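Input: a single structure, listed below in C-alpha cells.
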Amino acid sequence: MAYDYDKSIRPGKLPHIWCPGCGHGIVMKGLIRAMDTCGLDRKNTAIVSGIGCASRLPGYLDACTLHTAHGRAAAFATGVKMAKPEMTVICCGGDGDGTAIGGNHFIHACRRNIDMTYVIMNNFIYGMTGGQFSPCTPTGAKASTTPYGNPDPVFDISKLAIGAGATFVARTTAAHPREIDKLITMGIKHKGMAIIEVLDDCPTTYGRRNKFRSVVDMMKHLKANAVPAVAASKMTAEQLAGKFLTGVLFQEERPEYTAQYAEVIKKAQGA
Amino acid sequence: MAKKVALLQGNQACAAGAVYAGCTFFAGYPITPSTEVAEELSNDLPKIGGKFIQMEDEIAAMAAVIGASLTGSKSITATSGPGVSLKQELIGYACIAEVPCVIINVMRGGPSTGMPTGPGQSDVMQAMWGTHGDHAAIALVPSTVQEIFTETVRAFNLAEKYRMPVQVLFDEIVGHMRERIVFPEPGELEVINRTAPTVSPAEYKPYDATKGQVPPLASFGSGYKFHVTGLNKAADGFPTTKAEYVDAEERRQVNKVMDNVADIESNEEYLTEDAEVLIWSYGSTARSARYAVNELRKQGIKVGLFRPVTLWPFPEKRTSELAKQCKAIVVAEMNLGQMVYEVERAAKGNCVVVHEGRVDGEPINPGQIAAKVKEVM
Amino acid sequence: MSSARLEVIERYCKGCSICVEFCPKNVLEMDVFLVKVARPEDCIKCMQCELLCPDFAIKVHDA
C-alpha cells in the first residue's frame with residue numbers, strides 16, 4: 001500500500017525546503033518511483049541539477065548527487081556521462097534554469113542525443129528569486145518584473161527539445177502523479193536524450209499574482225487543461241485553445257552519443 | 001636507450017604532458033591561440049581510451065571537466081583569455097566543491113577579443129582574482145616548450161593533491177613556438193593521484209578534514225553516494241549557513257594552499273647572488289630578460305633574474321628577500337602593470353620597483369629590458 | 001467498513017490542503033494548518049492523497 005519513499009531519501013533531510021503546495025515534491029516522488037521501477041542502483045546513478053527551487057531536488061535523494069551552477073546541469077551531466085557511460089544520469093531543474101541561462105546546454109545535450117533523462121519542472125516563473133518572469137511565463141501574465149503584464153513570447157520546452165534533437169520527449173503535469181513516474185520510467189529506459197517536461201505549480205510567486213486563489217486552483221487548472229496527445233489529433237483548433245498536450249510527444253531511435261564515441265575509441269585504437 | 005626527442009609546439013607539449021600525467025578527459029571550445037591543445041588531445045585521448053568532447057561553449061567545457069573529474073577522470077580544458085573569463089564562475093565552483101582539474105590559458109592580448117594571434121601576459125591577475133568570492137589559486141607560468149610539458153604534469157599533480165583547479169598560463173609565443181623537447185620516460189616525473197577515501201561509503205563525508213586539510217575525494221560510480229554543491233557546505237557536503245561551518249570551510253580551502261606554499265612554489269634564479277638590480281619576469285618575457293642579464297653582465301652591471309614558475313601563490317618570501325638585497329627591481333611583463341603591484345607589496349619599500357611592459361602584440365625584447373635596468377641604476 | 005489506515009506525518013505537513021481537495025470521498029479535513037483524517041472509514045484507497053502530497057506527509061496503509 002503506502003509507497004516506501006524513505007529508503008530513497010537521505011536521512012534527516014525532510015521536510016524539504018519547498019513552499020506549501022509546490023509541485024516539486026510531487027515530481028520528486030514520481031522520480032523516486034520511476035528509479036525504483038527501473039531498478040536503478042543509486043551508487044551508479046548521478047542526479048544533476050542547476051540552481052533554483054527545482055534544482056534543490058538532488059540533495060534529498062540518496063544517490064551520487066551534483067548540485068551545480070545556474071543553468072549548467074546538462075553540461076556537468078554530459079561530463080559525468082562521457083567519463084562514465086555506465087552510470088545512469090538524470091538531470092532535473094526548472095524552466096528558467098534549463099531554458100534561459102542553460103538554454104544553450106539544453107539544446108546541445110538534445111542534439112548530441114546523449115543518454116540521460118532530464119526532468120524539467122516548468123512552473124512558469126523564477127521562484128527562488130521571488131517570481132521574476134521566465135521564458136515560460138505566459139504572455140500577459142504578472143511576475144515581479146512584469147508589473148504591466150509579460151510582453152515576452154513563450155518557449156514551448158517540449159517543442160524546443162524535439163527541434164533540438166532529443167529522441168524522447170514527453171509532457172505531463174504535477175496534477176498527474178501516475179503519469180510522472182510512467183513517463184520518467186520510459187525516459188530512463190530510452191537510450192538517448194529524454195526530456196520529461198512536468199508543468200508544475202508555484203503558488204507562492206506565480207499563483208498569487210495571477211488570479212489563482214489557491215494551490216488547489218492551480219492544480220485543478222493543470223488537470224483541466226491537459227489533453228493527452230493521442231486525443232488531441234481528433235480535436236479542433238478551437239477546442240485546443242489554452243490546452244497543453246501531455247503524454248509521449250515524440251520518440252525516435254537515433255545513435256546515442258557515448259555509443260558513438262565508443263566507436264571513435266575503436267577507430268583511434270585501430271580496431 | 002636514448003630518450004624520445006621531438007620538435008614540438010608549446011601547445012602540443014601541453015597535450016603530451018597531460019597524457020603523461022594520466023589525463024583521460026578533455027572538454028573544450030575552439031579558441032585561438034590554444035586550439036592545438038584540443039586538436040592534439042582529440043587525436044591522442046581516444047587512443048588510450050580517454051574521452052574528448054568539444055562542447056557548445058566555454059562554460060559548458062568547464063562544467064563537463066568538473067563533471068568528468070567527479071567520476072575520477074583526470075580532466076583538462078584549454079582556452080585563452082576570453083574563454084577563461086567565461087569559465088570564471090565554474091572555476092569558483094571547482095574551488096568550493098574542491099574538484100581537481102587543470103585549466104590551460106594560452107594568453108593573448110587585450111581585453112575582450114583583443115588580439116587573438118598576438119601574445120600577452122595580461123591574464124595573470126585574473127588567474128588569482130577572476131572568480132568571485134574568497135578562494136586560493138594555483139597558477140603556473142612555464143617559459144619553454146619543455147617546461148610546458150613538465151608544468152602541465154605538475155599542474156595535474158597539484159590539482160589532485162590539493163583537490164582544486166590549477167591554471168597553467170603561457171603566452172602565445174611559447175604556445176606556438178617550436179622547440180626541441182626530450183620526453184621524460186614513464187616514471188621519471190612524479191605523477192600524483194587524488195587520495196581515495198579509506199572509510200566505508202556509509203561513513204564517508206566528502207569534506208571531512210579531521211585527517212588533514214585536503215579531504216579524500218571519492219568518485220561517482222565507485223560505491224560512494226555523496227552530495228556536491230556550490231553552496232557553502234558542512235563536512236558532510238550538504239548546504240549550511242551556520243557561521244562556524246561556513247567560516248571553517250572557507251578558511252580551510254584557502255589554508256590548504258597557503259600553508260603549503262613551500263610545496264607548491266617553484267622558481268628559477270639566475271645570477272642573483274650578487275645582483276644589485278633584479279629583473280623579475282616570467283613566461284616568454286623571462287627569456288628576453290635572461291638574454292638582457294647576459295648582455296648587461298658583459299658590461300659589468302650586476303644584474304640577476306628571478307623567474308617564478310609558480311606565479312600563484314605569489315613568491316612572497318623570496319621576492320621580499322631579494323628586495324632587501326637589491327637597489328631596484330624591474331618587473332618585465334607583457335601588460336600595463338599587473339604582477340608589479342604584488343612585487344611592490346612584497347618589497348615593502350626596501351627597493352625601487354619599476355615596470356617594463358608592452359601591449360602592442362610584440363614580445364618584450366632584451367634591449368628594452370636592458371635599457372630599463374640602466375635607467376634605474 | 002474500510003480496511004485503510006491513513007497516517008499523517010505532522011512534522012512534514014505544510015497544510016497545502018491538496019489532499020483534502022482531491023480526495024474523492026471527503027475523508028480528510030483541514031484542522032487549521034494541518035490535515036486531519038476525519039472519516040477514515042470512507043477511504044477507498046485510491047491513493048490520490050498520497051500521490052499528490054508534495055511533502056511526503058500522508059501515507060495510506062492497509063489497516
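Observations
- Remark: pairs (first residue in region B:332-359, of a type in the set (D, E, K, R); second residue assigned to a helix (DSSP H, G or I); Cβ separation under 6 Å; 6+ apart in sequence or on different chains) = B:Glu333/B:Thr285; B:Glu333/B:Met339; B:Glu356/B:Ile369; B:Glu356/B:Lys372.
- Residue match in region A:56-64 (condition: away from chain B (no Cβ under 12 Å) and either among the aliphatic types (A, V, I, L, M) or in a loop (DSSP other than H, G, I, E, B) (or both)): no
- Filtered by the rule that a residue be among the charged types (D, E, K, R) and more than 19 Å from B:Asn350 (Cβ to Cβ), region B:272-295 gives B:Arg287, B:Arg290, B:Glu295.
- Selected residue [within 14 Å of chain A (Cβ to nearest Cβ) and buried (at least 23 other Cβ atoms within 10 Å of the Cβ)] from B:Val65, B:Val19: B:Val65
- Unique match (being on the phi < 0 side of the Ramachandran plot, small (Gly, Ala, Ser), more than 9 Å from chain B (Cβ to nearest Cβ) and without any contact (Cβ under 8 Å) to a residue 24 or more places away in the chain) among A:Gly30, A:Gly25: A:Gly25
- Residue check, C:Pro54 more than 10 Å from chain A (Cβ to nearest Cβ), in a loop (DSSP other than H, G, I, E, B) and not basic (Lys, Arg): no
- Matching residues, region A:73-106, being of a type in the set (A, V, I, L, M, F, W, C) and within 22 Å of A:Thr246 (Cβ to Cβ): A:Ile90, A:Cys91, A:Cys92, A:Phe106
- Test: residue in region A:65-86 that is out of contact with any helix residue (DSSP H, G or I) (no Cβ under 6 Å at 6 or more places or on another chain) and either more than 9 Å from every other protein chain (Cβ to nearest Cβ) or of a type in the set (Asp, Glu) (or both): yes
- Residue count, region C:1-47 (criterion: surrounded by fewer than 17 Cβ atoms within 10 Å (Cβ to Cβ), within 11 Å of chain A (Cβ to nearest Cβ) and acidic (Asp, Glu)): 2
- For the residues B:Gly110, B:Gly120, B:Gly114, the requirement of being more than 27 Å from B:Glu250 (Cα to Cα), touching a residue at least 12 places away in the same chain (Cβ under 8 Å) and buried (at least 24 other Cβ atoms within 10 Å of the Cβ) singles out B:Gly120.
- Residue satisfying all of: in region A:194-217; away from every other protein chain (no Cβ under 14 Å) and among the aliphatic types (A, V, I, L, M); surrounded by the fewest Cβ atoms within 10 Å (Cβ to Cβ) among these: A:Leu199
Conditions tested, residue by residue: (1) free of Cβ contacts under 8 Å to residues at least 24 places away in the same chain; (2) assigned by TED's automatic domain parsing to the domain that holds B:Gly81.
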{"position": "B:Ala155", "(1), (2)": "no, yes"}
{"position": "B:Arg163", "(1), (2)": "no, yes"}
{"position": "B:Val166", "(1), (2)": "no, yes"}
{"position": "B:Gly187", "(1), (2)": "yes, no"}
{"position": "B:Pro197", "(1), (2)": "no, no"}
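- Any hit, region B:113-121, residues being among the hydrophobic types (A, V, I, L, M, F, W, C), touching a Phe, Trp or Tyr at 6+ places or on another chain (Cβ under 9 Å) and closer than 30 Å to B:Ile364 by Cβ: no
- Evaluation of B:Pro142 against (1) assigned to a loop (DSSP other than H, G, I, E, B); (2) over 16 Å from B:Gln9 (Cβ atoms) (one fails), failing number: (2)
The values are calculated or read from the model by the stated rules, or taken from the named source; none is laboratory data. Here the structure is a predicted model, which is why all the values come from computation and not from measurement. So basically every Cβ, Gly included, is an ideal-geometry build from the backbone, and we count neighbours across all protein chains shown.
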